[in-house]
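> Here it is: the structure, laid out below.
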There are 2 protein chains.
Amino acid sequence: MSVQDTEFFRPLFTALAANDDSQIQIAASTFNAADLADFIEAHPEADTGIRLLNALPKEQGGKVLGYIGPTPQTLIAQQLPTRSLTELVTAMPSDERADFFQLLDEQRQHSLFQSLASKEREDLRRLASFEEGTAGALMSSDYAMINTGVTASAAIDLLRKTAPDKETIYHAYVVDEDHTLLGAVSLRNLITATPSASVNDLIATGLVTANTHTPQEEVARLISRYDLLALPIVDHDNRLVGIVTYDDAMDAAEAEATEDMHKGATVGKLTGTLRDASPFSLYRSRVQWLVILVFANIFTGAGIAYFEGIISEHIALLFFMPLLVASAGNAGAQSATLMVRGMATGDVTVTDWGRLLGKETLVATGLGLTMAAAVMVVGLLRAGPEIATVVAVTMIVVVMVGSLIGMLLPFLLDKLKFDPATASTPLITTIADVSGVLIYFSIATALLDIS
Amino acid sequence: MSVQDTEFFRPLFTALAANDDSQIQIAASTFNAADLADFIEAHPEADTGIRLLNALPKEQGGKVLGYIGPTPQTLIAQQLPTRSLTELVTAMPSDERADFFQLLDEQRQHSLFQSLASKEREDLRRLASFEEGTAGALMSSDYAMINTGVTASAAIDLLRKTAPDKETIYHAYVVDEDHTLLGAVSLRNLITATPSASVNDLIATGLVTANTHTPQEEVARLISRYDLLALPIVDHDNRLVGIVTYDDAMDAAEAEATEDMHKGATVGKLTGTLRDASPFSLYRSRVQWLVILVFANIFTGAGIAYFEGIISEHIALLFFMPLLVASAGNAGAQSATLMVRGMATGDVTVTDWGRLLGKETLVATGLGLTMAAAVMVVGLLRAGPEIATVVAVTMIVVVMVGSLIGMLLPFLLDKLKFDPATASTPLITTIADVSGVLIYFSIATALLDIS
């Protein structure tokens, strides 16, 4: 913890030193839950962080616990007696609670489960049953619900009473007796309506929903596209089962973008942040693809071995080899990155591929010609007109081939039900390396033998 | 537009064919603004999209216009008479209005400016004055404001009356007579409070603010960290000047992630989506770095030329060159990507660099040893023990060098006030290529000369 942080948290340190719960509560009340979580993460020892967590009103404590990262959450769970833990867990938002529960060992899960009230227990069982990465795993059951037919003023009264337990009261969902979702009504519409108006007449049009199996990326995309505060999640009978709030969707979208970037550099899934990750987990996330690529690169070596004859005859060809294969790889990395990100944000769909292929061919031709002109100059200065021609022609071909591989591979992976982000830069570069070497020396063999 | 979309928008097509404004309005009322914007984008001709936009109530029309992308927005501005355009622009959210205004040519800006009411004119002038990429350029002036000392019930009444013009009424800002920001009060707290309570007693603690110069990424990070609905923006005297809402922050964060990914593959800034970008703008965004990298790669060629002697003596060394330089590049790309993304999300700060350097050295040593073992086997099979040893030793060194370059370059760029994302994969790969070639043949010269 830096000096700056020590200054920022001074009131908390003072109150904790005085060892007076009410003073701690007053000091804590001037901080945000996210900041208190940071403080506790930085002081996991029982006499500082844990003591703060214990002193907080349970409502606030539950919220703070929800903001703490998985590793320190586990530490805290080990240090707290079941009784305090149960109170905190009961106060946690339902979606955070389900995630926290997954972290505990079996014995701890069992004892916590026994001590929870039946409502929380049922809720936990249900939320824990959804697959990681789906709307079900992200959703919260703390939504505000109104029965069909009540008046606006009755609805406001209900929201006022139930506010403390809900993720948001700014949107309430109108359901019939079977819990079927009829629509959503905003608090904005409720307070601007005539008090006697029926909520059914205030239902917003164009309600967007998702189901429990919808992938998280799609949930984030819907919330972002329609600027929603929360997305209602329904089961196969259109019964409301939960909501995903914009803040959880934002976190999921950020995690998704991070994962896509890491995949783009063949880094596997990391638990926690880069700062907290252990050297071994970093090693594990990186080693697999590096070793795979070592074996893939052996083909490039084999390609060079095959053309040993022409190389020893024209050793100057060798000087341009790194440049040509790097150019193919770079052009391929550009088009793959554009395509992978476009597919992730929903800007590009598989139905666009024909039109994009035409455009990419045009762009790649332009890029190839420009780079051929640049390299022609260098070739003339260093190796004479014959080799300069070989290098320039090769440049055009390899930039086009690299770009097209970079564009097509993400589509192909998507068609085969793989994540397009697997079309990572190192993979594209390796493919471009092998094809670049083969194309270069084939063109050299053809052109230099004739002359 | 696909068959699916035609089916989805059937009620609109029917109403537009009937050419009856009230029927068009009824059909449009069942769609979201974002969907209507898509429809208009797909039909920019005057007889479909524009006719729909004209038929919508101005309130809804302004909202829909805000969802339309820059290129079709410009087209629409050209086709609408100033009078209709003025009405639509007046109804637009203030932040969208300022962005839209920037797109128009000078003459059109002038005529639109003249026809706007003085309130909108003043607002536009102010919002347009902030630099692109700052909180000022992202903020809206449609925030809900309450004077200090009023009661909760008076505040609710005020919010109810002003609701239609505000981005959000779920948070209202309490200001004194000088417009100094005293705090924020949530509608949730207002409706659950005693009606006679003073808003000053309901102010939420730990108010997070930013100023007009705060970078957009920082704004998005604050909103995401504290799960805010809106972030109040103040000037240097702590006077409230605007708010940035979570949905605009989400869009900014997404755009930022896209820009970082594109930078990671040396793709320059694109206006609009990949699907809409013209071949020339794609060419322009990609060519610059490719040509720079062509010249950078000439050093690799020069390195090979320098070691021509040892290469022609041991031509088998050549087979392993692509593999070794690719491994250095891949390891470097991994660590650069981890670092760049960590810095973008705020997980990693410059103060962490010492600790991360130690961890990276450990991880890189592990990776180097693993890859050396893999390549040793291949080397023994294809080139005998002497070259296998050279290749294995080189692998350890280049993986470590590549990883450390990948880790340090983003920090260095940040220190020099450049965007760390400029430490792109192709740049790291190129540096790794040059150093890989030099290290490989230096080690070969040393070990093979002795033996």
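The values are calculated or read from the model by the stated rules, or taken from the named source; none is laboratory data. What you are looking at is a predicted structure, and each value in this text was computed from that prediction instead of being measured. All Cβ positions, even for glycine, are placed from backbone atoms using ideal geometry, and neighbour counts span all protein chains on display.
> Part of a helix (DSSP H, G or I) and within 39 Å of the chain's Cα centre (by Cα), is that true of A:Ala421?
Criteria met by A:Ala421.
> Could you check the stretch B:300-315 and list, in sequence order, the residues that are outside any helix (DSSP H, G or I) and touching a residue at least 40 places away in the same chain (Cβ under 8 Å)? Please lay out each step first, then the result.
Initial filter on the stretch B:300-315 (outside any helix (DSSP H, G or I)): B:307, B:314-315.
Matches in the stretch B:300-315: B:Phe307, B:His314.
> Helices (runs of 4 or more DSSP H) wholly in the stretch A:1-43 with at least 1 residues that are of a type in the set (Asp, Glu) - which ones?
A:3-8, A:21-28, A:33-42
> While we're on this one: Could you grab me the full set of residues in the stretch B:159-174 that are out of contact with any Ser or Thr (no Cβ under 6 Å at 6 or more places or on another chain) and surrounded by fewer than 18 Cβ atoms within 10 Å (Cβ to Cβ)?
Listed by number, the residues that qualify are B:Lys161, B:Thr162, B:Pro164, B:Asp165.
> What are the residues in the stretch A:219-233 that are assigned to a loop (DSSP other than H, G, I, E, B) and farther than 8 Å from A:Val208 by Cβ, if any?
Residues of the stretch A:219-233 assigned to a loop (DSSP other than H, G, I, E, B): A:226-229.
Selection gives A:Asp227, A:Leu229.
The rows are residues; the columns are (1) among the charged types (D, E, K, R); (2) more than 9 Å from every other protein chain (Cβ to nearest Cβ); (3) in contact with a His (Cβ under 8 Å, 6 or more places away or on another chain).
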| position | (1), (2), (3) |
| --- | --- |
| A:Thr337 | no, no, yes |
| A:Asp352 | yes, no, no |
| A:Leu356 | no, no, no |
| A:Val399 | no, no, no |
| A:Gly402 | no, yes, no |
| A:Lys417 | yes, yes, no |
| A:Pro420 | no, yes, no |
| A:Thr430 | no, no, no |
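> In the stretch B:396-414, which residues are surrounded by fewer than 22 Cβ atoms within 10 Å (Cβ to Cβ) and either within 21 Å of the chain's Cα centre (by Cα) or not in a helix (DSSP H, G or I) (or both)?
Listed by number, the residues that qualify are B:Phe411, B:Leu413, B:Asp414.
> Between B:Thr134, B:Thr192, which is within 22 Å of B:Asp248 (Cβ to Cβ), surrounded by 15 or more Cβ atoms within 10 Å (Cβ to Cβ) and β-branched (Val, Ile, Thr)?
On the way: B:Thr192 fails: within 22 Å of B:Asp248 (Cβ to Cβ).
The match here is B:Thr134.
> Something else: Could you check the stretch A:23-42 and list, in sequence order, the residues that are without any contact (Cβ under 8 Å) to a residue 12 or more places away in the chain and away from chain B (no Cβ under 11 Å)?
Residue satisfying the conditions is A:Gln23 alone.
> Just checking, does the stretch A:375-384 include any residue being crowded, with 18+ Cβ neighbours inside 10 Å, in a helix (DSSP H, G or I), at the interface with chain B (Cβ under 8 Å from one of its Cβ atoms) and in contact with a Ser or Thr (Cβ under 9 Å, 6 or more places away or on another chain)?
Among the residues of the stretch A:375-384, at least one is crowded, with 18+ Cβ neighbours inside 10 Å, in a helix (DSSP H, G or I), at the interface with chain B (Cβ under 8 Å from one of its Cβ atoms) and in contact with a Ser or Thr (Cβ under 9 Å, 6 or more places away or on another chain), which makes the answer yes.
> Further, regarding this structure: Taking the stretch A:272-313, which residues are of a type in the set (Gly, Ala, Ser) and surrounded by fewer than 21 Cβ atoms within 10 Å (Cβ to Cβ)?
Once the filter is applied, which keeps residues that are of a type in the set (Gly, Ala, Ser) and surrounded by fewer than 21 Cβ atoms within 10 Å (Cβ to Cβ), the stretch A:272-313 yields A:Gly272, A:Ser278, A:Ser281, A:Ser285, A:Ala296, A:Ala302, A:Ala305, A:Gly309, A:Ser312.
> Which of (1) assigned by TED's automatic domain parsing to the domain that holds B:Ile387; (2) under 21 Å from A:Gly368 (Cβ atoms) is the odd one out, the single condition B:Ala344 does not satisfy?
(2)
> Within the stretch A:316-335, track down each residue that is assigned to a helix (DSSP H, G or I), more than 7 Å from chain B (Cβ to nearest Cβ) and either farther than 24 Å from B:Phe319 by Cα or out of contact with any Asp or Glu (no Cβ under 8 Å at 6 or more places or on another chain) (or both).
The answer is A:Leu317, A:Met321, A:Leu324, A:Gly332, A:Ser335.
> Taking the criterion of being of a type in the set (Asp, Glu) and surrounded by 14 or more Cβ atoms within 10 Å (Cβ to Cβ), would at least one residue in the stretch A:104-121 satisfy it? Walk me through how you get there before you give the answer.
Going through the stretch A:104-121, the residues of a type in the set (Asp, Glu) turn out to be A:105-106, A:120.
Still in the running and surrounded by 14 or more Cβ atoms within 10 Å (Cβ to Cβ): A:120.
Checked against the condition, which is being of a type in the set (Asp, Glu) and surrounded by 14 or more Cβ atoms within 10 Å (Cβ to Cβ), the stretch A:104-121 yields at least one hit.
> Look through B:Glu131, B:Glu96 and report the one residue that is modelled with pLDDT of 85 or more and outside any helix (DSSP H, G or I).
Values: B:Glu96 fails: outside any helix (DSSP H, G or I).
None of the other options fit; the residue is B:Glu131.
> While we're on this one: I'm told B:Asp178 meets every condition in (1) of a type in the set (Asp, Glu); (2) outside any helix (DSSP H, G or I); (3) at the interface with chain A (Cβ under 9 Å from one of its Cβ atoms) except one. Can you identify the failing condition by its number?
Looking at each condition in turn, B:Asp178 falls short on (3).
> State the number of residues belonging to the stretch B:248-271 that are crowded, with 22+ Cβ neighbours inside 10 Å and free of Cβ contacts under 8 Å to residues at least 60 places away in the same chain.
6
> Separate question: Would you be able to say whether some residue in the stretch B:262-279 is within 21 Å of B:Ser186 (Cα to Cα), more than 8 Å from every other protein chain (Cβ to nearest Cβ), within 29 Å of the chain's Cα centre (by Cα) and in a helix (DSSP H, G or I)?
no
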